[in-house]
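One structure is given here, and the rest of the page talks about it.
Computed from the coordinates by the stated procedures, all read-outs in this text should not be read as laboratory data. Remember, it's a predicted structure, so these values are computed and weren't measured experimentally. Every residue, glycine as well, gets a Cβ built from its backbone with ideal geometry; the counts of neighbours run over all protein chains shown.
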Amino acid sequence: MSRAPATVALETRPLEWPEAARKQVEEALTHYPNRRSAVLPALWIAQRTWGWIPPEALRLVARTVELPEPEVFGIATFYTMFNLQPVGRHHLQLCLTVSCSLVGADRLYEHLRRRLGIGHGETTPDGRFTLRKVECLAACGNGPCMQVNEDYYENLDEAAVDRILEKLT
Amino acid sequence: MSAKTVKVTINGRAIAVPPGTLLTDAARAAEVHIPVFCSHPRLPPLGACRICVVEVGMPRRDRDGSPVLGADGSPEIAWMPKPQTACTTTVADGMVVATESPGAVRARKGVMEFLLVNHPLDCPVCDEGGECQLQDLAFAFGHDFSRMDEAKRTFVSEDLGPVVKKEANRCIVCMRCVRYCDEIMGEDALTAHQRGVRTEISSFDRQPLECEQCGNCIEVCPVGALTALPYRFKARPWDLRQHVTICPWCSNGCSVRLGVRGTEILRARGTEHRGVNQEYLCARGRFGYSFVSAAERLTGPLLRLGGALAPAGFDEAVAFTASRLREIAARHGPGSIAFLGGEKLTVEEQYLFQKLARTLGTSHVDARTRLTAPLPGDAILKATGGGRPALSLEELGSAGEVLVLGDDLQGEGPFAQAVLIRGQHQNGLHLTVAHPRRVKLARPKFRGEWLALRPGGEVALLNALARAALDLGEPQGMPPGVAAGLPALRQALAAWTPEKVERVTGIEPAAVAAAARRLRETPRKAIVFGRALVEHPQAAALLQAVENLAWLTGALTAERSFVMYVGPHSGTQGALDMGLVPDRLPGYLDPADAAARAPFEKQWGVALPSAPGMTAPEILKAAAGGRVRALWIAGDNWLRSAPDRALAEQALAGAELVIVSELFLTETARAAHVVFPAVSFAEKEGVVVNCERRLQRTARALSPLRGARTDRETFQAVARALGAGWSYRGAEDVYREIARLVPGYRGTGWGTMLPLGPRWASDGAAAVAGSLAPVADAQAGPGVLAGDGLWLLSGGVLFQQGSLSHRVELLQKLAKGARAFFGAGELQRLGLAEGDAVVLEGPAGSLTLPAAVDDSVPPGAVFVPYAYPEVQVNRLGAPAGAGLRVKARRAEVTARVGA
């Protein structure tokens, strides 16, 4: 089945940018000759603000950069790094492409799965972690590699993973 | 078209085409078939599907530029190393194209194999099967086996709202739907998401589409990915009889292809290469046909002999009608009989309706039942250039500047709106929209200007525009008769200083000046107006003001420029042309002129009244006052269309004889003494005239409902019972008489109207001389702004049109129930929330409706679309002066005690 899981609206009434985010968006808009060009930075700011991008945030971005809402939806769905479903506070994205696989990424995935009790695309009941297998993170020289939200962790083994998980509350 | 052409050779056939022609179009001219999916004549080239690949070469040239000749003496061709997409490649002089060379055939078969990698080939259960381009081309160019072992990519089927069914498995991602929705509809409702190997067309977050629900995405889909839910699994295309006729829902006159099985219309589609609209239809045109087979259709005449209406035989009803009409004419004079309505009839029926009236000796005949003040019968013709050839809708879309005055084309002429949006996107058309609400065409995304017209400021704005245009220099090319009025007009316009105009209209002088400058200085321009001006209490003044503006800006003198009237109904223009007005005979002839009357008197065998009769608003007052004793109302729900419902009720209750010809037992029909069952647009033949003044033939797609009669038969039967010797054998017979007698229509015939009828223009006699004349504003002064209450803005909306749309379940569902719309600020000031019941109180009555927020409604106003079944706007009182003011308050909630 190809259908993306149904998105869950956080809010049904129109969202507004919180003050800090609004400033960032305004700053981003200054980088471009027209508003629509700021669609990707605005999506990033939305993701950092709400942890994921709910439909109401997509509408907010559309309003902000003056693009039709469906077009913003089309853009957001093209990029896998925009989360259009809710994720845990810490989004663990473990690379399982060839280089990382060769140096033990599959073992680490099993380790994470056992330790957190969740599989690919799932979130722990306390909302702390979401685990996801991803394609190449372009850190092949230092595999295995895992991205947590916007941070990279490299040269991993089980012990390193455990230390990381301890720190992420 | 420029005389310069380039020579191209396609499959050995040399043709000359204009530079810039796409290879697909050049091939069509050379009668070579190049298959396409993503390419569409109304959309810019994309090159997405690649089925149109061909081999392209140019003659090889020496260093000195001379062609290199091969061994046989013919020029050597340097072929491009890879096949090219014909839909994006433009011609070049000397270009050689091969569509059937081994390389081209191999490439096309390869593309077809790719297109079928994921296509489910579920043709037997696909509604597109039998008329599917993919099916046809797979048959022509596909393999008879598949080399694919892998599982096909699959998607879940989705309903995108109540009209669009999506089966993404069948989609070949040609993007036609997305592009049409954006470029022509201006809706941007569809998008491609999950772009990549899983690209899928859908709406925002897969929500039901919030759009015009036109279904044009279904129409342009070359496969079965988008199909119509109302037609789903109803029929196979080869089981349908197809009839091309003219859509009845507005004055644009779109061609519509009805698919009929047995006695039922199962679908309506555009016509691809015919009609003014080609593939385009709006939601009403595409999904509004079901009223034709509604169970409530009248299937026989009704007579009120005692107290209640009871079924009667046709002959009995005719005899009753004739004897009562004769009686009333004898007792009170023929001036006590009036004929109303007819804007939804064919030209032939309109002609007979007024012929019947005038034969009876009355000139009280008027189709324009919504008028709030008397208006000369030729006022609209005069404001639109007095018989000057009209602009076609196609030409309207390629104008440089278009001023839309007072109407929301989304409701009043959806195709005209689409034409303007396409023009804005593709031809650099610039829009100026003067409307109290920020209607769709005034939205920022169409990059036009919105002049936020305050009710009561209409005359002032038009005068201000005229003055600003005059300030830019002397108008050019006006006929001497028109130019003679210039000094007086100039003097009168001097009083309309920018400060005064800003005070009355609320529009900045700079915006007015800029709009006038654009209109004057753009070479090709058009002014579009509709019912908002015509049904305004100051209509006569407004139409003169429009004409002044048109002369001063060149809209009536510059080449391919025009003033267009987009009237409310399919027969609005025809009714004016056919003399369904009290002061003009068919062809706008003056009944006071004995020479003009003579041909009609000779043909009809009667002496015609020379004095003008009463206009619809005058008939309304006279009937309510007992001076009109008999009314015949044809195809018009008068209790709703009359400007004052209380007066209309009084008129119907007091009249000795009320005859109503209708499809349904409307409120008006319920008040009648005789009801004749009419037939719908799909059951009769005839001619209708659209807003381009184009004469178009309608076709009979269905036999008339058993028991129903065409209005032509009814009018003729009554005329014969009254002693007139009418003997028309059919509608075409009537048309022959029209073509003989009516200036402008002379020399036309049914046979000349296919596939696209001619646009009539004055042949001299039908011309009305133009003029420039000062227009005073009866309302100008502090009273306009100082009034109490909210301005009532009414108007047409897309999904509701009146008594016909009330019988279409799907349109009712799309229209989502009647509401009174306020700006968010206004609603707050009133202490109301969305959904609260609000009472609107006018001078004559009140209406209670749920309140809703619509940010297009300006402060100090409320918008109530008039066409909802539960809205009777005319209960509030007749608009006068600048319009109608109402008071809004929260509806009292009365607690019910006990059960």
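Here B:Arg829, B:Arg885 are screened, and the one residue that is free of Cβ contacts under 8 Å to residues at least 12 places away in the same chain and charged (D, E, K, R) is B:Arg829. Listed conditions (1) under 30 Å from B:Leu702 (Cα atoms); (2) surrounded by fewer than 23 Cβ atoms within 10 Å (Cβ to Cβ) are all met by B:Gly625, apart from (1). For the stretch B:183-192, enumerate the residues that are farther than 28 Å from B:Ala151 by Cβ and within 8 Å of chain A (Cβ to nearest Cβ). Within the stretch B:183-192, B:Asp188, B:Ala189 meet the criteria. Just to be sure before I move on: is B:Phe233 more than 14 Å from every other protein chain (Cβ to nearest Cβ) and more than 18 Å from B:Gly285 (Cα to Cα) in the structure I sent? Spelling it out, B:Phe233 is indeed more than 14 Å from every other protein chain (Cβ to nearest Cβ) and more than 18 Å from B:Gly285 (Cα to Cα).
Filtering the stretch A:150-167 for residues that are surrounded by fewer than 18 Cβ atoms within 10 Å (Cβ to Cβ) and assigned to a strand (DSSP E or B) leaves a non-empty set. Being crowded, with 16+ Cβ neighbours inside 10 Å and assigned to a loop (DSSP other than H, G, I, E, B) is true for just one of B:Arg42, B:Arg108, B:Arg63. Which residue is that? Within the list B:Arg42, B:Arg108, B:Arg63, the selection yields B:Arg42.
Is it the case, given these coordinates, that B:Gly456 is small (Gly, Ala, Ser) and more than 28 Å from the chain's Cα centre (by Cα)? Judged against the criteria, B:Gly456 is not a match.
Is there a residue being within 25 Å of the chain's Cα centre (by Cα), closer than 28 Å to B:Arg297 by Cα and buried (at least 20 other Cβ atoms within 10 Å of the Cβ) anywhere in the stretch B:820-831? Within the stretch B:820-831, not a single residue is within 25 Å of the chain's Cα centre (by Cα), closer than 28 Å to B:Arg297 by Cα and buried (at least 20 other Cβ atoms within 10 Å of the Cβ).
Condition check ((1) closer than 30 Å to B:Cys177 by Cα; (2) in contact with a Leu (Cβ under 7 Å, 6 or more places away or on another chain); (3) among the aromatic types (Phe, Trp, Tyr)) across all residues:
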position: A:Pro33; (1), (2), (3): yes, no, no
position: A:Arg48; (1), (2), (3): no, no, no
position: A:Arg63; (1), (2), (3): yes, no, no
position: A:Ala76; (1), (2), (3): yes, yes, no
position: A:Phe82; (1), (2), (3): yes, yes, yes
position: A:Gln85; (1), (2), (3): yes, no, no
position: A:Gly88; (1), (2), (3): no, no, no
position: A:Ser99; (1), (2), (3): no, no, no
position: A:Val103; (1), (2), (3): no, no, no
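Would a scan of the stretch B:170-182 turn up a residue that is under 30 Å from B:Ala416 (Cβ atoms), away from chain A (no Cβ under 14 Å) and either small (Gly, Ala, Ser) or outside any helix (DSSP H, G or I) (or both)? Within the stretch B:170-182, one or more residues are under 30 Å from B:Ala416 (Cβ atoms), away from chain A (no Cβ under 14 Å) and either small (Gly, Ala, Ser) or outside any helix (DSSP H, G or I) (or both). The number of residues in the stretch B:135-172 being hydrophobic (A, V, I, L, M, F, W, C), more than 20 Å from B:Arg267 (Cβ to Cβ) and under 40 Å from the mean Cα position of the chain (by Cα) comes to 9. Output the residues belonging to the stretch B:82-99 that are among the charged types (D, E, K, R) and either surrounded by 20 or more Cβ atoms within 10 Å (Cβ to Cβ) or farther than 13 Å from B:Thr9 by Cβ (or both). Of everything in the stretch B:82-99, just one residue is among the charged types (D, E, K, R) and either surrounded by 20 or more Cβ atoms within 10 Å (Cβ to Cβ) or farther than 13 Å from B:Thr9 by Cβ (or both), namely B:Lys82. Restricting to the stretch A:34-57, name every residue that is within 12 Å of another protein chain (Cβ to nearest Cβ) and closer than 20 Å to A:Glu150 by Cβ. Residues satisfying the conditions are A:Ile53, A:Pro54, A:Ala57.
Of everything in the stretch B:193-230 that is part of a helix (DSSP H, G or I) and on the phi < 0 side of the Ramachandran plot, the residue that is nearest to the other protein chains (Cβ to nearest Cβ) is B:Phe204.
Pairs linking a residue in the stretch B:177-189 that is at positive phi to a residue that is part of a loop (DSSP other than H, G, I, E, B) and not charged (D, E, K, R), with Cβ atoms under 9 Å and 6 or more positions apart or on different chains, are B:Asp188/A:Leu67; B:Asp188/A:Pro68; B:Asp188/B:Cys211. Filter the stretch B:620-647 for residues that are among the hydrophobic types (A, V, I, L, M, F, W, C) and more than 19 Å from B:His536 (Cβ to Cβ) and give the result. Answer for the stretch B:620-647, where residues must be among the hydrophobic types (A, V, I, L, M, F, W, C) and more than 19 Å from B:His536 (Cβ to Cβ): B:Ala622, B:Ala623, B:Ala624, B:Val628, B:Ala630, B:Leu631, B:Trp632, B:Ile633, B:Ala634, B:Trp638, B:Leu639, B:Ala646.
Pairs linking a residue in the stretch B:99-120 that is under 22 Å from B:Glu31 (Cα atoms) to a residue that is of a type in the set (D, E, K, R) and outside any helix (DSSP H, G or I), with Cβ atoms under 7 Å and 6 or more positions apart or on different chains, are B:Ser101/B:Glu55; B:Gly103/B:Glu55; B:Ala104/B:Glu55. Comparison of B:Leu115, B:Leu121, B:Leu134 shows that the only residue that is within 22 Å of B:Arg198 (Cα to Cα), away from chain A (no Cβ under 14 Å) and touching a His at 6+ places or on another chain (Cβ under 8 Å) is B:Leu134. Evaluation of B:Glu200 against the conditions (1) among the charged types (D, E, K, R); (2) in contact with a Gly (Cβ under 6 Å, 6 or more places away or on another chain); (3) buried (at least 22 other Cβ atoms within 10 Å of the Cβ) shows that the sole unmet condition is (2). Across the stretch B:602-632, the number of residues qualifying as under 23 Å from B:Asp711 (Cα atoms), assigned to a helix (DSSP H, G or I) and more than 31 Å from the chain's Cα centre (by Cα) comes to 2.
Among residues of the stretch A:61-82 that are touching a residue at least 40 places away in the same chain (Cβ under 8 Å) and more than 7 Å from chain B (Cβ to nearest Cβ), none has a beta-carbon under 6 Å from a residue that is of a type in the set (D, E, K, R) and in a helix (DSSP H, G or I) at least six positions away or on a different chain. The residues of the stretch B:6-21 that are surrounded by fewer than 22 Cβ atoms within 10 Å (Cβ to Cβ) and touching a residue at least 12 places away in the same chain (Cβ under 8 Å), listed by number, are B:Val6, B:Lys7, B:Thr9, B:Asn11, B:Arg13, B:Ile15, B:Val17, B:Pro18, B:Pro19, B:Gly20, B:Thr21. Just one residue in the set B:Ala575, B:Ala540 is part of a helix (DSSP H, G or I) and surrounded by fewer than 24 Cβ atoms within 10 Å (Cβ to Cβ); that residue is B:Ala540.
Among the residues of the stretch B:183-192, those identified as hydrophobic (A, V, I, L, M, F, W, C), farther than 15 Å from B:Arg42 by Cβ and part of a loop (DSSP other than H, G, I, E, B) are B:Ala189, B:Leu190. Here the condition is being in contact (Cβ under 8 Å) with a residue 60 or more places away in the chain, of a type in the set (Asp, Glu) and surrounded by fewer than 20 Cβ atoms within 10 Å (Cβ to Cβ); of B:Glu327, B:Glu296, B:Glu349, B:Glu343, it holds for B:Glu296 alone.
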